[in-house]
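The values are calculated or read from the model by the stated rules, or taken from the named source; none is laboratory data. As the structure is a prediction and not an experimental result, all values here were calculated from the model. Glycine also receives a Cβ, built like all others from the backbone with ideal geometry; neighbour counts cover every protein chain displayed. Protein only, heavy atoms only, side chains kept; ligands, DNA and RNA dropped before computing areas. Shrake-Rupley method; radii C 1.70, N 1.55, O 1.52, S 1.80 Å.
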Amino acid sequence: MSTAGFNSQNGTGTGQAYANGPSQNPVALQQLPGVSYGMTHQPAYNPMQPKATTSPAPGLYPSGPYQPVPPVNSYQPGPQLSSYPSSPGQPLLSRPLMGGPPPHTPPQSASPSPGPRLPPAQATPPPPAVSTTSYYPSPQQPMAPAWQYNTATPPMGPATSMSTHPRGPVANHMNPAASLAAPPPPSSAAYRSAPTPHSTTQLSGPGIPPTSMHGYTQPGTAPPPMNLMAPQTYQPSRPAYGPPPTGPPPAMKPTPPPTGPPMANATPPPKTDGAVAGNGPEASNSYNHVDNKMAGLTQPGPPGRHLGHYPSLPPGYQNTSASHTTPPMHPAMQAATQPFTQAPQPYQQLPGGPGAAQLSPSLAAMSLQSSTPEALRAVNLLQERNLLPPTPVPAPTPCLPQDLQKINCNPEVFRCTLTSIPQTQSLLNKAKMPLGLLLHPFKDLSQLPVVTSSTIVRCRSCRTYINPFVSFLDQRRWKCNLCYRVNDVPEEFMYNPVSRSYGEPHKRPEVQNATIEFIAPSEYMLRPPQPAVYLFVLDVSHNAVETGYLNVFCQSLLDNINALPGDSRTKIGFITFDSTIHFYNLQEGLSQPQMLIVSDIEDIFLPTPDSLLVNLNECKELVQDLLKSLPNLFQKTMETQSALGSALQAAFKLLSPTGGRMSVFQTQLPNLGVGALQSREDPNQRASAKDIQHLSPATDFYKKLALDCSGQQVAVDLFLLSAQYCDLASLGCISRFSAGSVYYYPSYHHQHNPAQVERFQKDLKRYITRKIGFEAVMRIRCTKGMSIHTFHGNFFVRSTDLLSLPNVNPDAGFAVQMSIEENLDDMQVVSFQAALLYTSSKGERRIRVHTLCLPVVNSLSDIFAGADVQAITGLLACMAVDRSVTASLSDARDAMTNAAIDSLTSYRQSVLTIQQPGLLAPACLRLFPLYILALLKQKAFRTGTSTRLDDRVSAMYQLKYQPLTYSMLMIHPALYRVDDLSDEGALNVNERTIPQPKVLQLSVEKLSREGAFLMDAGIVMYLWIGRNCHPNFLTQVLGVPNYAAVPENLYLLPELDTAESQRTRALIGWLRDQRPFFPSLHIIRDESQLKPHFMQNMIEDRTESALSYYEFLLHLQQQISK
């Protein structure tokens, strides 16, 4: 077996793409001792995997190790989305799937060197398929390669009939009478495998239960305990690889429940939050063994069993509900917090549910009966035109007892694509929706319980932190909700510091809050916590001075230097560069800063290592003097070259002893010394409808340096301010693999682009003053039976599930993909826990823990009813970015379309009881085709529209690391009419009245020449003024007498003392306040140069190169009805 299933993020130095997505790793793939990754089960459905519309001919796919292929794939791509087939029988799209490129294991050293690819480990062949209409390919097709993620071990257990009820009560099972009212039709031809002699044979035998010819389980019955083919992580209809298996299925022995006396050694080896696989870049504060210290000796106790075998919690130990209060928020953010305030949805448990230990009876009672919940109401998308709700889409509420849901994790912080988890991977495959988590772990929170304790209570087996979803068997014992081990309650935990009472451990804050922060004791440190260290690396070439950014930077830092997070140990330093590297001696006692120039950029060295990073408090006056003089120092420079690579090497040497944050400001393509780049962009190809080239890095220099930085706890943030091509695809690697951020300001100029200057100023202030965590690591754990296999975001994967984050900031988001490795049929709920261990700017070691609990269901209807359409869209966007870089943009585009086709096909075939004409979607997924079309027209993925390469790559970066709430605005902007704002339904925030206009569809038909419309597209806002706009709005809001007097480049609203002006400014200010970055505002008329940008966001309208929303729906219907 290999760790390939967790291969996630870090490419190699072999010219491969360095996406935080799949590519094979040359470093040895060694399995960690005592850890089983369950890699023998079948791959699960992955929409980013290439798939052909017809069965492949033999020999189309290599059976050996994965080899990167050029964008021309082995299947013939169909026409682009913008055209339709001329002949009715011709398939419109070849069907590549998401996630398909090979996974990759994290490099095990800071600077991975190119090496031969290892052959994949042999996977256990799955048993033959039995149904012509099953999603799985026929047995004559080759076997899945071992590089595929998500293989789930076939569950052990005797074969049972399909009608056998599950072993425990099952949440949300459908009433069979209702579900079977009308049998679904045979599967569409789109998923039919090539006919084979075996394809219609009904198999039976040891370990193979009878299956339905339609490949779905009747709702209300248990799925077969053994998967017919190992599950596949979300990959619609991908042909299998390799030769078909021969012989009977392997014999499976049932695993009896544990019996006999308690065993002291029955626990699996503990997993530490700092474990390093192999010889990875050993961070100077890697905390590798720290978690184990808290484990102590294993106490004898009953062996862990599945939830439900233990007695219910006595009345005195039921979890009490914690209250959540949230201030009024921006619509997109407000939507995510709605579950805490909105009324329960029709399929929810009634109020007054029991505590965590009594899950079984309460969840079993939540049968959907024969009534259809609102989430499953069939919507004909071709008929219902106005699907967009007038207010932002809320996150769906998991179908849990109300007292559990009250204390569940805030969906702004922790959100799952499916709020009802399928019992088996095969059930997930049938739903054809991706399973994953979206996190915003270090988000600024208005309320965060902080616990100081010498004992942090954790499971002795899996190291899970105690949380609201554990079960207390009595006062002295609690059962882990991830591995089900029974643990002792430490004596100190018996005392509740909040109520100052003894003997009620279930009322401690750790068990009352799904998000909590611990101040860590000394066991969690391998060295004293590092000080806050800030190093600024500034481009001072002629091009940089021309943009005028240096004045803005120096003034912003002067204004906010006292707000820089830190304590008395905070250090600061500066490096400037053009064709040479300039250091600044700021040692205490000097009368003015001393500039030291190193011209040997090939062999960089530090001239005075001890005086380049200085204590900010002791040397503040010198630092301020330097900031005042820097802009003038290079004002007359004629130096045009840029030795960025050497400057980064120097900065790395300077920060290595301590770790810290490196902030790099660059305005041109680096063209001198190491890391020099050449322009790869052909301006004539910007509007190409063909595949886009050069989305992957031109060199591995920046990635290797980033991995070295990560090993020394250094993160690099890149500010790119340029009007020219800078190869962000290459430069961005320095931030991506060191857990930094990329800020991109195209066409930045202090005179010609004042809106960008304002945005840069506001972003810089937030960047300088926001909280920061140093030398951080994050681990995500999940209930036994589930596994995590791919991460998305900016980080380095140090071991299979440990993310190295030299810096963590409150504006960074992450996503993970998951699979189900073992059947969850004994479980009523599953839990996920993210633990972030970091050093605060004040030098405290802290652990922030988030825990999410979700129900397990055994019917497709319940899976669909709990689908979170925005989370699914966000995860697919991350997967599509990886697919664009590792395969091709057209593959990613086709795969996103297929994701919509597949999920709607599954709904039609397996959930709908009464077949109807039209394109039908469940109400919860009614916006899914619209969001997919929005992604296809988004700057990252669009074709046929002129898009600068750096703009495209920047959009891809944003989709990968922006938290979901912000990235959804970039995918599907919000449109409001603002010339008729009123106080009706307005919010009152801090004595300000904030109007709440309705969200409009993104179509020109919603615009009016008599009105004014505000479009919020995340990082930019447009205020479009109609030609016949009411004069009252022009005078009262814009301060101009008529339409012709509206200035061409207006980016600020005048502060007028009128009710209309106050309402408009209040709305825009409030929208801006709800996000960490600053969106610039452009006020545009019909004649404005920016009008095309505004119109490109009209997603529902047809363009020269893309379908309208209605045409896209017709295309989906055509594919589904094949």
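Table: residues versus (1) hydrophobic (A, V, I, L, M, F, W, C); (2) modelled with pLDDT of 95 or more.
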position	(1), (2)
V1004	yes, yes
M1015	yes, yes
M1021	yes, yes
P1031	no, no
A1045	yes, no
N1049	no, no
A1059	yes, no
T1064	no, yes
Q1074	no, no
Reported set for the stretch 731-754 where residues are part of a loop (DSSP other than H, G, I, E, B) and in contact (Cβ under 8 Å) with a residue 12 or more places away in the chain is G732, F737, S738, A739, G740, S741, S747, Y748, H749, H750, Q751
By residue number, the members of the stretch 703-728 that are assigned to a helix (DSSP H, G or I), out of contact with any strand residue (DSSP E or B) (no Cβ under 9 Å at 6 or more places or on another chain) and open to solvent by less than 10 Å² (accessible area, probe 1.4 Å) are K703
Screening P670, P657 for residues that are open to solvent by 40 Å² or more (accessible area, probe 1.4 Å) and farther than 24 Å from R883 by Cα leaves only P657
Log entry, pairs with first residue in the stretch 1082-1093 being touching a residue at least 40 places away in the same chain (Cβ under 8 Å) and among the aliphatic types (A, V, I, L, M), second being part of a loop (DSSP other than H, G, I, E, B) and buried (at least 17 other Cβ atoms within 10 Å of the Cβ), beta carbons closer than 9 Å, six or more apart or on different chains, reads I1083/V1046; I1083/L1050; I1083/Y1051; I1083/L1053; I1084/V1046; I1084/L1050; I1084/L1090
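Quick grid of which residues meet (1) in contact with a Pro (Cβ under 6 Å, 6 or more places away or on another chain); (2) part of a loop (DSSP other than H, G, I, E, B); (3) in contact (Cβ under 8 Å) with a residue 60 or more places away in the chain:
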{"residue": "V623", "(1), (2), (3)": "no, no, yes"}
{"residue": "L626", "(1), (2), (3)": "yes, no, no"}
{"residue": "N632", "(1), (2), (3)": "no, no, no"}
{"residue": "M638", "(1), (2), (3)": "no, yes, yes"}
{"residue": "L648", "(1), (2), (3)": "no, no, yes"}
{"residue": "A651", "(1), (2), (3)": "no, no, yes"}
{"residue": "P657", "(1), (2), (3)": "no, yes, no"}
{"residue": "S663", "(1), (2), (3)": "no, no, yes"}
{"residue": "L672", "(1), (2), (3)": "no, yes, yes"}
Of the residues in the stretch 795-806, those that are open to solvent by less than 10 Å² (accessible area, probe 1.4 Å) and out of contact with any Gly (no Cβ under 6 Å at 6 or more places or on another chain) come to F795, F796, V797, S799, L802, L803, S804, L805, P806
Taking the stretch 479-495 and keeping only residues that are farther than 15 Å from C853 by Cβ, modelled with pLDDT of 95 or more and not in a loop (DSSP other than H, G, I, E, B), one is left with V486, N487, D488
* To do: Kindly establish whether T570 is under 24 Å from L720 (Cβ atoms), open to solvent by less than 10 Å² (accessible area, probe 1.4 Å) and under 36 Å from the mean Cα position of the chain (by Cα).
  => no
Of the residues in the stretch 435-464, those that are out of contact with any Gly (no Cβ under 8 Å at 6 or more places or on another chain) and either of a type in the set (A, V, I, L, M) or buried (at least 24 other Cβ atoms within 10 Å of the Cβ) (or both) come to L435, G436, L437, P441, L445, L448, V450, V451, I456, V457, C459, T464
Per the filter on the stretch 864-894, residues among the acidic types (D, E) and either in contact with a His (Cβ under 8 Å, 6 or more places away or on another chain) or open to solvent by 10 Å² or more (accessible area, probe 1.4 Å) (or both) are D882, D894
Out of (1) open to solvent by 10 Å² or more (accessible area, probe 1.4 Å); (2) touching a Lys or Arg at 6+ places or on another chain (Cβ under 7 Å); (3) under 20 Å from L382 (Cβ atoms), the one L920 does not meet is (1)
Residue hits (the stretch 541-551; of a type in the set (A, V, I, L, M, F, W, C) and touching a Leu at 6+ places or on another chain (Cβ under 7 Å)) are A544, L550
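Residue-wise test of (1) aromatic (F, W, Y); (2) crowded, with 24+ Cβ neighbours inside 10 Å; (3) at negative phi.
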{"position": "M896", "(1), (2), (3)": "no, yes, yes"}
{"position": "S906", "(1), (2), (3)": "no, yes, yes"}
{"position": "R926", "(1), (2), (3)": "no, no, yes"}
{"position": "V953", "(1), (2), (3)": "no, yes, yes"}
{"position": "Y961", "(1), (2), (3)": "yes, yes, yes"}
Of the candidates V498, V545, the one satisfying the condition of being over 29 Å from the mean Cα position of the chain (by Cα), at pLDDT below 90 and not charged (D, E, K, R) is V498
From the option list Q1118, Q1036, Q1089, single residue qualifying as within 39 Å of the chain's Cα centre (by Cα) and not in a loop (DSSP other than H, G, I, E, B) is Q1118
Checked the stretch 693-702 for anything in a loop (DSSP other than H, G, I, E, B) and under 19 Å from S646 (Cβ atoms); matches are P697, A698, T699, D700
Picked from the stretch 1016-1045 (must be farther than 27 Å from H972 by Cα and out of contact with any Ser or Thr (no Cβ under 9 Å at 6 or more places or on another chain)), the residue surrounded by the most Cβ atoms within 10 Å (Cβ to Cβ) is L1034
